[in-house]
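Only one structure is covered here, and it is reproduced in the block below.
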Amino acid sequence: MSELKRIPQHVAIIMDGNGRWAELRGLERCEGHAAGVEPVRASLRAAARHGVKFLTLYAFSTENWGRPSAEVDALMELFCQSVVNEAPELIRQGVRVRMIGERSRFSEKVQKALAEIEQRTAEGKTITLILALNYSSRSEITRAVRRIAEKVAAGEIAPDQIQEATVAENLDTAPYPDPDLIIRTSGEQRLSNFLLWQASYAELWFPGVLWPDFNEEEFDKAIDEYAHRDRRFGLVKGK
Ligand code: IPE
Ligand code: IPE
Ligand code: MG
C-alpha cells in the first residue's frame, strides 16, 4: 500500500439516535431531528475534506411511515426546509444531490423540493450526496426484480442472461459504486433494511454517539478506523 492513507470512495451513514438525544433532554423527538441537520453539514464537510466521492445518508426508511403522524409530518417539513435552506451552500461546495428510494409516496411539495435540489446541484463535482428517502433495501430489490421480470416478459432479455450486474443495474443505486464504509450512530448494531445488496463487502462501524452529537471529529475517527481494516474480498492476501 502507498504511504497515502486509504480513503473510502463511498461512505454511507445510518443517522440514528435523534429521538433518544431529544428524550434525554426532555425535548420532543422532532427537536432531535432538527438537531440532526448540523451533523449532516459536518459529515459533508469532512467527507469532502478527505476526498470521499459519495456520501449516502439514510434519512427516512419505508418503515418510518409507521411512526406517529406528527413526527412523520415534522420530518417531511424538515426535509423541505433543509433542501431549500442548504441549497446555496451545497452549490458553493460543489455538492451534487441525488436520492434513492421511492419518491412517488411523498407529497407533491416534498417531491418538488427534491426535484429542485437535484436539478440545482446537478453540476456539482466535489462530492455526490445521496439521500435515502422512503428507502428500504427489500423494497428496492423487489422493484428491481419487477423491472427485470418486465424485460423478460417483453423478450428484451432471456432468464439465463440475468447476471449479478443485471440486478445491480436495476437497483436505485445503479449509478454509484458500492459503499466501502457504513457507519451507524447511536450504538445500535444492525442495518435496518439499508443497502443489503450493496453492503456485501462494506466495512461496518458503530460509534456510540447519538446522531445529533456526530461531528467532523467523529467522521475522522471512522475514516481512521477504515484505513486500518484489512479488506480481503474472500481472497488470500498476497497470492
Ligand atoms: C433517526 O433517529 C432518524 C430517523 C429514523 C428519521 P431516530 O428517530 O430513529 O432516533 P431514536 O433511534 O429513536 O433515538
Ligand atoms: C433506521 O433507523 C432508519 C433511518 C436512520 C432513517 P430506525 O431507528 O428507523 O431503525 P430501527 O427501528 O432502530 O431498526
Ligand atoms: Mg432509531
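The values are calculated or read from the model by the stated rules, or taken from the named source; none is laboratory data. The shown structure was predicted, so the numbers you read here are calculated from the model rather than taken from an experiment. Note that each Cβ is placed from the backbone with ideal geometry, even for glycine, and that neighbours are counted across all protein chains shown.
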So Val84, is it of a type in the set (Val, Ile, Thr), surrounded by fewer than 17 Cβ atoms within 10 Å (Cβ to Cβ), at pLDDT 95 or above and farther than 24 Å from Glu169 by Cα: yes
The lone exception for Arg49 - which of (1) crowded, with 16+ Cβ neighbours inside 10 Å; (2) charged (D, E, K, R); (3) more than 13 Å from ligand 2 (Cβ to nearest atom) it fails: (1)
Failed item, numbered, when Lys237 is tested on (1) part of a loop (DSSP other than H, G, I, E, B); (2) out of contact with any strand residue (DSSP E or B) (no Cβ under 8 Å at 6 or more places or on another chain); (3) of a type in the set (Lys, Arg); (4) under 27 Å from Gly17 (Cβ atoms): (4)
Total residues in the range 200-239, condition under 28 Å from Ala34 (Cα atoms) and aliphatic (A, V, I, L, M): 5
Qualifying positions in the range 184-220 - away from ligand 3 (no atom under 14 Å from the Cβ) and of a type in the set (A, V, I, L, M, F, W, C): Leu195, Leu196, Trp197, Ala199, Ala202, Leu204, Trp205, Phe219
Cross-chain or 6+ apart pairs with Cβ under 7 Å, the range 10-21 first and within 8 Å of Ile182 (Cα to Cα), then within 13 Å of ligand 3 (Cβ to nearest atom): Ile13/Tyr58; Ile14/Tyr58; Ile14/Arg184; Ile14/Ser192; Ile14/Phe194
Cross-chain or 6+ apart pairs with Cβ under 8 Å, the range 193-207 first and of a type in the set (S, T, N, Q), then buried (at least 16 other Cβ atoms within 10 Å of the Cβ) and part of a loop (DSSP other than H, G, I, E, B): Asn193/Ser136; Gln198/Leu171; Gln198/Thr173; Gln198/Asp178; Gln198/Pro179; Ser200/Asp178
Unique match (being of a type in the set (Gly, Ala, Ser), over 16 Å from the mean Cα position of the chain (by Cα) and within 16 Å of ligand 3 (Cβ to nearest atom)) among Ala35, Ala70: Ala35
All positions within the range 189-220 that are among the charged types (D, E, K, R) and loosely packed, with under 14 Cβ neighbours inside 10 Å: Arg190, Glu217, Asp220
Among residues of the range 171-190, those that are within 12 Å of Tyr58 (Cβ to Cβ), of a type outside the set (D, E, K, R) and under 12 Å from the mean Cα position of the chain (by Cα), counted: 3
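How many residues, within the range 89-123, are more than 18 Å from Phe60 (Cα to Cα) and surrounded by fewer than 18 Cβ atoms within 10 Å (Cβ to Cβ)? Can you show your working first?
Step one: filter the range 89-123 for residues more than 18 Å from Phe60 (Cα to Cα), giving 89-96, 116, 119-123.
With the extra rule that they be surrounded by fewer than 18 Cβ atoms within 10 Å (Cβ to Cβ), the set shrinks to 89, 91-94, 116, 119-120, 122-123.
Number of matching residues: 10.
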